[in-house]
Amino acid sequence: MEISNAKQEINITPELQARIDELLSHYPADKKKSALLPVLHEVQDAHDNWLSVPLQDKVAEILEIKPIEVYEVVTFYTMYNQRPIGNYMFEFCRTSCCCLRGAEDLMEYTCEKLGIKEGETTPDGKFTVVGVECLGACGYAPMLQIGDYYKEHLTKEKIDQLIEECKAGQVNLH
Amino acid sequence: MGRKILLEHANVPGIKSYEVYRKMGGYASVEKALKSMTPDEVVEQVKTSGLRGRGGAGFPTGLKWSFIDKKSGNPRHLVCNADESEPGTFKDRYLMEYIPHLLIEGMITSSYALGCNLSYIYIRGEYMWVFRILEQAIKEAYANGWLGKNIMGTGWDLDLYVHCGAGAYICGEETALIESLEGKRGNPRIKPPFPAVKGLWQEPTVVNNVESIAAVPWIVNNGGEEYAKIGIGRSTGTKLISASGHCKNPGVYEIELGLSVDEFMNSDEYLGGMMDDRPLKALVPGGSSVPILPANLIFKTTEGNDRLMTYESLSEGGFESGSMLGSGGFIVYNDTSCIVRNTWNFSRFYHHESCGQCSPCREGTGWLEKVLHRIETGEGREEDIELLWDIQRKIEGNTICPLGDAAAWPVAAAIRHFREEFEYHVRFPEKIKNRDHYVNEPFEKVRHLVTKQTV
Amino acid sequence: MKVTIDGQSIEVEPGTTILQAARMIGGESVPPAMCYYSKLKGSGGKCRCCLVEVTKGSDADTRPMPKLMASCVTGVMDGMEVKSITSERVLDARKSVTEFLLINHPLDCPVCDQAGECDLQNLSFKHGSANTRYIEDRRTFEPENIGDNIQLHMNRCILCYRCVMTADQLTDNRVHGVLNRGDHAQISTYISKAIDNEFSGNMIDVCPVGALTDKTFRFKSRVWFNKPYNAHRDCDKCCGKTTLWMFGDEIQRVTARKDEYHEVEEFICNECRFEHKDPADWVIEGPRKFEKNSVINQNNYTRDMKPVKIETEKNILLGRDEDRKKISMSEVPLKGQEKKEFKEGNV
């Protein structure tokens, strides 16, 4: 298993701590572990969208569980990134319904335009392109997810525009 | 125009907000249930309505509710399954995104019926913006006294929260969902014990699909009998259908069960026929897990009956010549689509989503994908078709949870109905080199190459 | 409660599973179990080797169960009728599961220390086929070092979860678990940590295959060249009752005592397992008996015990090390840098 050794500064800001406390309040006091998935989302969002080992250990400490229980969960679910990724991750749905509407062509187009292969990040660390499984937008295909949002009914022109907006820092992720 | 129950007010401006929703008669079911009905009476109404689980299995919701263990006196929970991930299905997202309060109202009324004081909505992590919409709606419901302590002065408390997943199709299986809600890997549990006895934190739990819960307010307001009048036979009420693929107007539609497939497919009120007017080749009527139907079995069953949008009619003929309503993911294929490629794509999905707990699914889904990928990329062997058939047969029914069946059925149906296409791929690898091989040369034009010649 | 398995009836307590009832009856009808372990809570249901056909649910509800049931997690009902080896469906399913378990298994029995006492070998012998229909590349994992006592061979693992449950139920700080998912799920510590706990060695005994083996016994001998003896010593941590695997006067391996279903009678501590290789530390009770068709029995105990000194052992091990590199198995010794870090504890 490849574990990234990239350095990550851990910073549990008061706002993040407040959000974690709020999430914890959603579960019985003796069931802190239940908050693991939502807490990991929040912590990841606040740390450049990836979870280093020390950060996962920190989450274990907050929830009073064993580190291995966090590792098990992080590696099971696809939305937790175990290595640094680009600022803008284009997650193309490539399951059948989207393919019927040209998702594969569009992903290839995007990769070509950014000069990378699927799964790679551009050298400047800005863009990552990955293919993912069904995102539940089959009727609005082709589509991609970027941050917390979906971009649907895509065309090559819309991809061009989206890349420009990302470069100009006009795309909200959360 | 078909009757609308869930999406009746979907187009009212501002229906997302509490004020507008309330003005349109929202939360009436909570008032009615809490003021004038006992929990058991609510359960009884849902039973009478004949409402069947909208997540895919179609198990009667009222019956499921009646299984919950009330005797032990342990705290009970209602968990809404909003982990919608079945390829072809996007109806729950529509409902939650546009009318979030309908789900909240349904959760309150249903929790009352089950005697729960702590309930959750488990939403897939990718729907993060919908997660925030629901959080906001819950906040509004708390602020207006529909949630919290002593609701409407009845002495009944209910806390409701949204919990987000993080990318795992398997968490749509109810016991995997519970595991995930407990902060663990989404490994389905061995049953029995069933969640109704030992679910979330080993306490009695009912897990219901978003659409099932959203139907409860209407049932409580209008009575189960009224609901049962809609639809045909044991398929009562309305159903949300998510249409995608090569149809003219993809999207989410609410239909009365019993509508004919022909009308749904071709009338302008619904799908409006095929995109670019190309011929219809195949249909997956209920999400990727259900068997695919070839063109000749879509509008008529082998018995010559009209195929209707009901649980029974879609499965008429069994797996030999029928399919299933499933979750209502209606995927339409025209003659440019390749069934082998589509089957491989679905297999990749199941391979990717298998939790890896039990051997037939862990090993079998990967094997299916690899063989299908070989065939699709021109590396197939004649015996691979039999091999595929055998692998899927060995997975089906032998796994802990239904994901094994879901991975096996599409492969079986594709071979059953489209065997010639598999043979074509194996025998003419140079013709299927490009992934869009049927775009310029639809299979109908080359079918004669593989058809058995009788002299 | 009365339950009938392959025509043989037995009275059992409520709460008994079909598999337990079958074991009470004994014989050929006992379903194979790769993941179920009676001493571990929550085990079973995963490998699907023990599927049986329930032809009659109970006296109260005589309907047959439509699907094959995992006998290790299905409780018996009064009047239940079960078919194990008398059902074609069951035999077919066992064959299927065996095939699934083997498609990605390395089949490296000739160099595997578990060979001879491996449940997967036994299962394949009974239900497997001599040919494979799997022409793809087999799955492999990067080797991971989990300490000086236990050797992890992930390629051989069948994901029974027994070792995870052992760590959960016998030790107070589990550091390994199942990571990733689907056919990439693997036993790992994630951070290449040493599994170091007083009872961690029991993971070796519960492992049904050669995924977790005793590093101190690695490549020392084939199990059927060893002579197993029951022995005990006073131990303040565990029962101290073990099986010693001897080669001449040398104790090559210490394990817990295993019954005919290869489950340990009592768990033992790491001190007994790894640190007492001197016969003087033990009171030897006598030869350990195994089921009659076990390959271990090809030893016979009538011969005189004479010390055997192997001068060539060092060279044999060296040769095996080289072979191993050629066939891309994991490195035993840590690389220089790793070893240093490992010793200093900052892995």
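The values are calculated or read from the model by the stated rules, or taken from the named source; none is laboratory data. Just so you know, these numbers come straight off a predicted model, no measurement behind them. Heads up, the Cβs are rebuilt from the backbone with ideal geometry, glycines too, and the neighbour counts pull from every protein chain shown.
Descriptive notes on the structure:
- Identity of the residue in segment C:132-153, away from chain A (no Cβ under 14 Å) and polar (S, T, N, Q), that ends up surrounded by the most Cβ atoms within 10 Å (Cβ to Cβ): C:151
- Taken as a whole, segment B:130-145 holds no residue that is closer than 24 Å to residue B:37 by Cβ, under 23 Å from the mean Cα position of the chain (by Cα) and within 14 Å of chain A (Cβ to nearest Cβ).
- Contact map, segment A:1-30: first residue within 29 Å of residue C:188 (Cβ to Cβ) and away from every other protein chain (no Cβ under 14 Å), second residue charged (D, E, K, R) and assigned to a loop (DSSP other than H, G, I, E, B), Cβ cut-off under 8 Å, separation 6 or more or different chains; pairs are A:6/A:83; A:8/A:48.
- Residue match in segment B:30-42 (condition: farther than 18 Å from residue B:215 by Cα, part of a loop (DSSP other than H, G, I, E, B) and modelled with pLDDT of 95 or more): yes
- Flag if residue B:435 is basic (Lys, Arg), away from chain C (no Cβ under 14 Å), closer than 14 Å to residue B:339 by Cα and assigned to a loop (DSSP other than H, G, I, E, B): yes
- Residues in segment B:58-73 that are without any contact (Cβ under 8 Å) to a residue 24 or more places away in the chain and outside any helix (DSSP H, G or I): B:59, B:60, B:71, B:73.
- Filter result (out of contact with any helix residue (DSSP H, G or I) (no Cβ under 8 Å at 6 or more places or on another chain) and outside any helix (DSSP H, G or I)) within segment C:120-139: C:130, C:131, C:135, C:137
- For segment C:162-175, filtered to residues that are within 14 Å of chain B (Cβ to nearest Cβ) and over 16 Å from the mean Cα position of the chain (by Cα), the residue that is surrounded by the fewest Cβ atoms within 10 Å (Cβ to Cβ) is C:168.
- For segment B:148-177, residues that are assigned to a loop (DSSP other than H, G, I, E, B), within 19 Å of residue B:37 (Cβ to Cβ) and touching a strand residue (DSSP E or B) at 6+ places or on another chain (Cβ under 9 Å) total 1.
- Taking helices (runs of 4 or more DSSP H) as the structural unit, those lying wholly within segment B:200-289 and holding at least 2 residues that are more than 27 Å from residue B:347 (Cα to Cα) and within 19 Å of the chain's Cα centre (by Cα) correspond to B:210-222.
- Taken over segment A:50-63, the criterion of being part of a loop (DSSP other than H, G, I, E, B) and surrounded by 20 or more Cβ atoms within 10 Å (Cβ to Cβ) is satisfied by A:51, A:52.
- Cβ-Cβ distances below 7 Å connect the following pairs, each with a first residue in segment C:192-215 that is closer than 23 Å to residue A:1 by Cα, a second residue that is among the charged types (D, E, K, R) and assigned to a helix (DSSP H, G or I), and a separation of six or more residues or different chains: C:207/C:162; C:209/C:119; C:209/C:156; C:210/C:156; C:211/C:156.
- The requirement of being of a type in the set (S, T, N, Q) and under 23 Å from residue B:291 (Cα atoms) is fulfilled nowhere in segment B:425-441; no residue meets it.
- Flag not set for residue B:72, criterion: at pLDDT 95 or above, on the phi < 0 side of the Ramachandran plot and among the polar types (S, T, N, Q).
- Meets criteria (assigned to a helix (DSSP H, G or I) and either within 14 Å of another protein chain (Cβ to nearest Cβ) or over 26 Å from residue C:260 (Cβ atoms) (or both)) for residue C:196: no
- When A:105, A:124 are checked against the criterion of being charged (D, E, K, R) and in a loop (DSSP other than H, G, I, E, B), A:124 stands alone in meeting it.
Condition check ((1) buried (at least 24 other Cβ atoms within 10 Å of the Cβ); (2) among the basic types (Lys, Arg); (3) under 30 Å from residue B:221 (Cα atoms); (4) touching a Pro at 6+ places or on another chain (Cβ under 9 Å)) across all residues:
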residue: B:113; (1), (2), (3), (4): yes, no, yes, yes
residue: B:118; (1), (2), (3), (4): no, no, yes, yes
residue: B:135; (1), (2), (3), (4): no, no, yes, no
residue: B:157; (1), (2), (3), (4): no, no, yes, no
residue: B:167; (1), (2), (3), (4): no, no, no, no
residue: B:176; (1), (2), (3), (4): yes, no, no, yes
residue: B:198; (1), (2), (3), (4): no, yes, no, yes
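- Within segment A:131-152, the residues that satisfy the criterion of being among the hydrophobic types (A, V, I, L, M, F, W, C), within 18 Å of the chain's Cα centre (by Cα) and within 26 Å of residue B:439 (Cα to Cα) are A:132, A:134, A:135, A:137, A:143, A:144.
- For residue C:209, the stated conditions do not hold, so it cannot be described as in contact with a helix residue (DSSP H, G or I) (Cβ under 7 Å, 6 or more places away or on another chain), part of a loop (DSSP other than H, G, I, E, B), buried (at least 21 other Cβ atoms within 10 Å of the Cβ) and away from chain B (no Cβ under 14 Å).
- Of all residues making up segment B:8-22, the number that are within 16 Å of residue B:216 (Cβ to Cβ) and at pLDDT 95 or above: 1
- Residue in segment C:251-260 that is buried (at least 17 other Cβ atoms within 10 Å of the Cβ) and polar (S, T, N, Q) present: yes
- Residue within segment A:31-43 that is facing chain B (nearest Cβ under 8 Å), over 13 Å from the mean Cα position of the chain (by Cα) and in a loop (DSSP other than H, G, I, E, B) present: yes
- Each residue in segment B:390-402 was checked for being assigned to a helix (DSSP H, G or I) and either facing another protein chain (nearest Cβ under 10 Å) or of a type in the set (Ser, Thr, Tyr) (or both), and 5 pass.
- The single residue among B:418, B:349, B:330, B:319 that is at pLDDT below 95 and among the aromatic types (Phe, Trp, Tyr) turns out to be B:319.
- Taken over segment A:141-159, residues that are surrounded by fewer than 19 Cβ atoms within 10 Å (Cβ to Cβ), within 11 Å of chain B (Cβ to nearest Cβ) and closer than 19 Å to residue B:249 by Cα amount to 2.
- For the residues C:156, C:181, C:218, the requirement of being closer than 26 Å to residue C:98 by Cβ and away from chain B (no Cβ under 13 Å) singles out C:156.
- So residue B:86, is it buried (at least 24 other Cβ atoms within 10 Å of the Cβ) and in contact (Cβ under 8 Å) with a residue 40 or more places away in the chain: yes
- Qualifying residue in segment B:106-121 (condition: within 11 Å of another protein chain (Cβ to nearest Cβ), under 30 Å from residue B:354 (Cα atoms) and assigned to a helix (DSSP H, G or I)): no
- Among (1) buried (at least 24 other Cβ atoms within 10 Å of the Cβ); (2) assigned to a helix (DSSP H, G or I); (3) within 11 Å of chain C (Cβ to nearest Cβ); (4) under 23 Å from the mean Cα position of the chain (by Cα) - the single one residue B:406 does not satisfy: (3)
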